[in-house]
Amino acid sequence: MNKEDVNNSKKKYYIIIIVLLFILLILLGLLSFNNKKKDNNVGGTRTLMIYISGTNLERDAKSVTLDLNTIYPKEVNLDDVTVLLYTGGTSKWHNFIRNDENAIYKLTEDGFTKLESYKITSMGDGNTLSSFLNYSYDYSKTDKYDLIIYDHGGALQGAVTDDYFKNDIVTLEEFQTAFNSSPFNGDNKLELLMFTACLMQTAEVALTFSPYADYLVASEEIIYGGLYGYYDFINGINRNQSALDLGKSFIKSYIDYVEKLDPYGQWVTTYSIIDLGKIDNVFNEISKYVKKLNIKDNYGTISKVRQSIYQFGEDAPEYDTVDAYNFFEKLGSESKVKSDDVLKALNEAILYSYSSDDNLKGLSLYFPFNGVDKAQLYTMDIYKLFSEGKDYLSFINAFYNYKSGNISKALTAESMASSNPKINNNEFSLQLTQDEAREYANSSYMIFKKMNDEYYNFVYSSDDSELTDDLVLKTNITNKIIKIKEVSDNDGNKIDNAYLQVVNTKKDGYRAIGTISNFNKETLKDNNIWDIKTVYYYFKDLNGVPSITNVVTRGREDLNELPNKSVLNISDYTHFEFLTYWYKIFDENGNFTKDWKSYKTIYGYEFETSKKDNFEFVSLDKSDDYICIFKIDDIYGKTTYSKPVSLK
């Protein structure tokens, strides 16, 4: 070998070494990146963007103000975190924000300082969100970016509304467009996307945002607002926090807040963190599972499982979301098709979950059942956004069609009108036939008190009933109902038999419906406004006395609003009004009227809020005319009522 050949060999050798070193550096870089991902990217500066549409949450309950008031600038490490706030969407703020503009604020040592002012633009328009994302990325160059979306949420229907632009909402498709028009997609994702909004922790929402964020923090259930705030988690943000740490801190602040509002634990509360990188596999396993389930052969089992589990957002049945783990776990145990792989995929995707109910694991899923047909068809149409969900869409669409095309042949109004329920001491029971039991899904019982020759007052209901193995539907009826101690009619005459209409569920305990109002003569004279809210009254048996523990707005004031629950301060209002329904259950000949629910009269008992202890438990007086009725839901979603039985 001559000298030139030797030199050429050395050159080739050096080139190979350089190439190998270059490959090694790339591999080390990838390993470092993967380790950072595994460590949740600890370290570095961050920008926290908060997109807040105030709507009625701020206008009526001051929720935004209460939350912002828990942020203490002196405690926030502003060297590590930039907090940017985009505001709009309400006709009334109770703080430094103006209602005649949209604006961007930055958190400084002196509080929030306005950076930009814009003309009023719909917060329910995805372009508004996109403009904020682009502005924030250009304004603040940090290692990590997180986003909070704050307003009403509607699961698959989207989130964020606006007082000034009615019926406008950022749909899931508009969210996709907004993020595709922002810097946060591809390899440059948000680290955390957090929702201060109801019902947004669904598998479908997670799938929507999986190209744009690493993790999703949200609630399966409706979230509560009012009285206090819970954004104090911002005070503790630091560069050493991982995404998981920050998400857990957010959730802890919310849970601590709810425990102050609901010290007796009467509400279902959820929040969780989802690894969006794992959501594709969740749908992959769901697809494989549902392909094995024949709807016709398994309809009864699927329907009974669906109705036996908790549905989120009770005042908004059209959202039809249930806990995915709970659903597939029950379906896997009660059908011939096991669901272990689906449950494993869900466990891998749900990084952290808090729930006051052990059956709720942290990720919900749409399953049409209780919504009206129009809502179910609309929501299933949204599913066409997700190619990953096409098999599940086929499954729920087949279920919907089968349910819509069939009715119960055994559990009918006619058969129940001739049923033979029995009372034995406090046990109320009804023997079902095999055909009736096959079509039975669940039940509750109702107690009515005779008020006059025509009407019975609905005074109590409970879901504490069961169908035994020998096909007997039974329950032990309560021995106490709630009575108002002192109340008068409009003419000032005392009413001696004023009973609350109470629903007692395993979930909520005692609850009544009504309104609460602020009737201030001076305010009425000046503004011609009587502040009135439709509410739930929560009661607790405290030392033998029915005591109001909370007053919470019902899910929404009208059907065009997304659901919300604001906790009200009784001292801000002047009058309670409790609503109760009276029914004409028997005709003039004393025969049971199977369509008795059509003959209803609504009564209201009103008194001042200063008399908040104006209640007592009373025993069912067997000398009075009380009757008991079973309410039965069948596998096709229809309700029938048993023949009433006197408790005398």
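The values are calculated or read from the model by the stated rules, or taken from the named source; none is laboratory data. All of these numbers come straight from a predicted model, not from anything done at the bench. Counting neighbours? That spans all protein chains shown, and the Cβs are built from the backbone with ideal geometry, glycine included. Heavy atoms of the whole protein, side chains included, go into the accessibility calculation; ligands, DNA and RNA do not. Shrake-Rupley method; radii C 1.70, N 1.55, O 1.52, S 1.80 Å.
Pairs of alpha carbons in the stretch 241-298 separated by more than 15 Å make up 68% of all such pairs.
Rounded, prolate or oblate: which fits the stretch 59-125 when a ≥ b ≥ c are the square roots of the eigenvalues of the alpha-carbon gyration tensor, with rounded for a/c under 1.5 and prolate only if a/b beats b/c? The shape class here is oblate.
Taking every alpha-carbon pair in the stretch 304-444 and binning the separations at 5 Å intervals from zero gives 2, 8, 13, 18, 18, 16, 11, 7, 4, 2, 1, 0 percent. Dividing the Cα radius of gyration of the stretch 120-239 by its Kirkwood radius returns 0.95 for Rg/Rh. Averaging 1/r over each pair of different alpha-carbon atoms in the stretch 382-460 and inverting the result gives 16.9 Å, the Kirkwood hydrodynamic radius.
The share of accessible area on the stretch 185-232 that comes from carbon and sulfur is 39 percent, using a 1.4 angstrom probe.
Here the extension length gained between N238 and T639 equals 138.9 nm, from 0.36 nm per residue of separation less the Cα-Cα distance.
Nothing charged except the Cβ atoms of Lys and Arg (+1) and of Asp and Glu (-1): what's the magnitude of the dipole of the chain about its Cα centre? Round to the nearest 20 debye.
So the dipole magnitude of the chain works out to roughly 1340 debye.
With only Lys, Arg, Asp and Glu charged, each at its Cβ (+1 for the first two, -1 for the last two), find how big the charge dipole of the stretch 251-396 is about the Cα centre; round to the nearest 20 debye.
Details: 17 positive and 23 negative charges, 114 e Å.
Here the size comes out at about 540 debye.
Per residue, the average separation of C-alpha pairs within less than 8 Å and at least 6 apart gives the chain a relative contact order of 11 percent.
Expressed as a whole percent, the accessible surface of the stretch 393-537 that belongs to carbon and sulfur atoms is 42, based on a 1.4 Å probe.
Note on N185/N406: beta-carbon distance plugged into 1/(1 + (r/R0)^6) with R0 of 41 Å gives a FRET efficiency of 0.35. Annotation for E101 and N476: the two label points, set 7 Å from Cα along the Cα-Cβ direction, are 6.5 nm apart.
Between L377 and K584, the contour length at 0.36 nm per residue exceeds the alpha carbon distance by 70.9 nm.
Potential lengthening of the chain between S335 and N294 amounts to 13.7 nm, from the contour at 0.36 nm per residue minus the alpha-carbon distance. If you look at the Cα atoms of the stretch 36-176, you get an Rg and a Dmax of 15.3, 45 Å.
The label-point distance for E414 and Y599, in a model that sets each label 7 Å from Cα toward Cβ, rounds to 2.1 nm. The modelled label-to-label distance between N77 and T113, using points 7 Å beyond Cα along the C-beta direction, is 2.2 nm. Sites count as exposed loop sites when they are GluC sites (Glu not before Pro), lie in a DSSP loop, and have at most 15 other Cβ atoms within 10 angstrom; the longest stretch of the chain without one is 110-453. Computed log10 I(q)/I(0) for the chain at 0.07, 0.11, 0.12 Å⁻¹: -0.53, -1.17, -1.33, from the Debye equation with unit scatterers placed on every C-alpha and solvent omitted. Considering every alpha-carbon pair of the stretch 153-309, the percent of pairs per 10 Å bin, from zero through the bin containing the longest distance, is 9, 30, 34, 20, 6, 0.
Once you list every other residue whose beta carbon is under 15 Å from the beta carbon of K643, what net charge do they have if Lys and Arg are +1 and Asp and Glu are -1? If you can, show how the numbers build up before the last one.
Details: positive: K422, K594, K597, K631; negative: E414, E436, D587, D595.
Combined, the nearby Lys, Arg, Asp and Glu give 0.
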